[in-house]
1. Filter the range 138-169 down to the residues that are under 21 Å from R203 (Cβ atoms), among the charged types (D, E, K, R) and free of Cβ contacts under 8 Å to residues at least 24 places away in the same chain and list them by number.
2. Please determine, by comparing only the residues of the range 170-185 that are within 24 Å of Y54 (Cβ to Cβ) and either among the polar types (S, T, N, Q) or in contact (Cβ under 8 Å) with a residue 40 or more places away in the chain (or both), which one is surrounded by the most Cβ atoms within 10 Å (Cβ to Cβ).
3. Of all residues in the range 81-108, which are more than 26 Å from L160 (Cα to Cα) and either of a type in the set (V, I, T) or touching a strand residue (DSSP E or B) at 6+ places or on another chain (Cβ under 7 Å) (or both)?
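A short reminder: the numbers here are calculations on the coordinates, not readings from a lab. None of these values were measured; they are calculated from a predicted model. Glycine also receives a Cβ, built like all others from the backbone with ideal geometry; neighbour counts cover every protein chain displayed.
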Amino acid sequence: MGMKVGAYFLYSSAEARTGLWRRVLALFGASCLVATVWAQAPSPGTARAPDVPYQPTEMKVVQVMLQLGRVKAGDVVYDLGCGDGRIVIAAVRDRGARGVCVDIDPQRIAEAQDNARRAGVADRIRFLTQDLFETDISQASAVMLFLWPDVNLALRPKLLRELRPGARVVSHMHDMGEWKPQKTAWVSASDRERVVYLWTIPRPARRR
């Protein structure tokens with residue numbers, strides 16, 4: 001049985017929940033439907049169209065992502081596809097971390113910079129107008145994602161290759177296929193129930 005923590009339910013990877021996969025498949029189907037309807041054109045100056053349409057994460061979900069990822073002072077939090085920067089800004093402002101906002105769309109980066117200045121944390125955040133697949137993420141201790149299922153799967157090898165053991169990966173809504181999450185949280189957002197996943201980069205297996 002999952003444990004309720006604040007406004008959300010937390011499940012370990014060993015726990016089962018009645019109807020869990022039915023709900024995941026329903027969310028996945030809704031996401032795919034939106035993806036087929038919404039083809040986002042690149043903003044002026046963008047190298048190519050973003051991998052996913054811009055959809056801000058509700059702040060209630062942001063807080064769960066940071067809590068599930070155990071973000072704390074001293075962490076370096078990367079948001080790949082940062083949008084308006086709200087996740088990194090919250091990590092820096094509320095939890096004493098440092099942050100890196102990555103987005104291929106210069107309009108989103110400009111918005112994130114403006115929001116960080118308004119929050120008084122711009123000096124503790126780097127802003128990179130880059131393709132997330134080409135960004136060096138080796139210094140991250142926590143990576144935040146709100147992408148699409150196929151993008152998560154394409155990104156998985158990079159996460160496992162570049163991140164150090166113990167680094168946390170948190171994804172809003174979409175899993176990593178056969179890479180099973182350590183923990184799963186369900187959040188009652190304003191539009192619908194949303195799911196957040198946590199993984200920790202494992203240590204390499206010892207050679208015998």
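1. R156, R161
2. The selected residue is V170.
3. P106
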